[in-house]
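Input: a single structure, listed below in structure tokens.
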Amino acid sequence: MKTLRTCLLLLLALCLLAACQSTPETTSQPPVSSAPQQESSAEASEDASSEEASSEISSEASSEESTEPEPPREGAYMSYEIPDNYKDVYENPFALETYEEMEISASNNTYTITYRYPDGASYRTCLVKKRWGMWMLGAMEYTHANGTKVRMSESSTDYEWVLSCGKVGGNITFRGGNHGDYTYSDWNANDSTKTNDHFIDMTFYDAATGEKVEVANGKTVKVNGLFVVLHNNVYEDAYEQENVLINVEKLYLFNGESVSVQSKLYLTSDVAFGNAYTCMFPVAKKYGNYIVFHNDDGTTKVTKTPVTGTSNYGNNFDDRNKASKVTVFGEQYPAYHMTIEIHNPEDQFYQSDRHTRLWDMNPSQNKLYFSAFKPGSTITVKKDTEFTYSSSWTFSYNPDFELPAVDKELGFKK
């Protein structure tokens with residue numbers, strides 16, 4: 001019996017020892033999160049309306065996994081939802097009852113978007129890829145049925161917005177648009193300290209059906225109106241989470257002779273602004289030395305510059321025109337018109353004292369600007385502020401048009 005009792009006690013001791021070894025030790029290590037850290041930062045800094053909605057969720061509901069996608073706001077490296085049908089996620093701010101048939105063709109770093117008239121003429125716009133990877137509006141061209149081309153503007157300068165901004169106490173300089181890099185002599189696309197505009201994604205859709213379309217290089221695709229969704233970030237210094245200043249969502253509509261763009265800018269930190277141009281139009285003087293300002297008070301003003309001037313990037317401006325709509329044409333070829341319009345002047349003029357500006361830029365080119373801030377001063381805009389810049393450029397051919405009387409001459413020798 002003693003031997004049996006001894007064996008039973010020994011067996012019990014071995015079982016207790018095994019049980020102790022199977023219990024995990026308590027450590028000071030934090031639990032591992034299943035989500036990337038930048039997504040947590042984005043959730044913590046959503047806009048006020050999202051925070052209010054979240055605060056109303058009960059503790060029982062918060063334990064369930066949400067099926068709603070997080071709204072694309074902050075986070076330098078955040079990826080955005082790309083739906084198969086844009087109507088599931090995005091609202092078309094330029095929605096129409098009917099859309100024109102458009103052709104999209106891809107070649108190297110350009111998407112060409114073409115509208116064809118019944119008489120065989122065509123109108124083309126494009127999206128061009130810059131060397132630092134960003135896509136933006138490019139040249140606008142009308143072609144007669146006989147093949148004669150009229151290029152109203154080029155791809156080498158800006159149409160959309162460009163911001164003179166930076167961190168508070170940091171480097172205030174033009175960012176975005178064709179100022180997306182710093183043009184260093186040893187510029188390198190892989191060196192994010194020499195760029196300030198980071199491309200994230202761009203997706204094409206049929207504007208009428210909402211369906212996503214793919215355009216392979218060397219191919220042409222037809223759609224009923226082209227709707228484009230693009231995301232990018234504006235930043236300062238190296239491209240890192242803490243250096244992102246602004247998250248941007250752009251919605252484009254290419255339809256017939258018109259292209260419209262709505263840009264939503266979400267400030268992810270306090271941002272110092274020195275100036276901002278929310279819409280622009282560069283034009284060859286032979287097609288654009290007459291500028292008609294359709295002022296918001298109902299008046300109009302016609303300004304004329306030389307077809308070939310002496311101005312060479314000087315301070316030759318006609319500004320302080322509070323005009324949300326402008327029409328441009330040239331005395332040599334008065335039939336070709338471009339109408340440029342901003343649709344949200346509350347944001348696009350913001351704290352400007354210059355409003356709509358014409359620059360007699362150089363001997364062959366004029367440039368139109370819609371200004372949002374006061375040049376020469378610095379204004380700090382708080383984090384979580386949202387701006388909406390909404391603009392359109394519409395071409396028209398008017399063969400019987402006659403030149404109007406001129407109210408002001410700009411750039412002529414006295």
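The loop-placed GluC sites (Glu not before Pro) in the range 345-414, going by DSSP, that have at most 16 neighbouring Cβ atoms within 10 Å of their Cβ come out as GLU402. Seen from every direction in turn and averaged, the convex hull around the alpha carbons of the range 143-302 projects onto 14.0 nm².
Measuring between alpha carbons in the structure, the pairs from LYS87/LYS264; LYS129/LYS194; LYS322/LYS413 lying more than 20 angstrom apart are LYS322/LYS413. Under a 5 Å amide H to amide H cut-off, with H placed in plane at 1.01 Å, what residues pair with SER153 once short-range neighbours are removed? For SER153, whose amide H was placed from the backbone, the distant partners under 5 Å are MET140. Starting from 0 in steps of 5 Å, tell me what percent of the Cα-Cα pairs of the range 93-143 lands in each bin. Once binned at 5 Å, the Cα pair distances of the range 93-143 give 5, 18, 23, 21, 18, 10, 4, 1. For the range 312-414, the average shadow cast by the Cα convex hull is 8.3 nm², which is a quarter of the hull's surface.
Can you give the FRET efficiency to the nearest 0.05 for LYS322 and ILE379, using r as the Cβ-Cβ distance and R₀ = 22 Å? Taking R0 as 22 Å, the efficiency between LYS322 and ILE379 is 0.70. Sparsely packed loop sites in the range 289-396 (the chymotrypsin sites (Phe, Trp or Tyr not before Pro) outside DSSP H, G, I, E and B with at most 13 other Cβ atoms within 10 Å) comprise TYR313. When only the Cβ of Lys, Arg, Asp and Glu is charged (+1, +1, -1, -1), the dipole of the range 345-414 relative to its Cα centre reaches about 440 debye.
Every read-out reported here was derived from the displayed coordinates using simple, explicitly stated rules and does not represent laboratory data. Being a predicted model, the structure only gives us computed values, none of them experimental. Ideal geometry is used to build each Cβ from the backbone, glycine not excepted, and the neighbour counts take in all protein chains shown.
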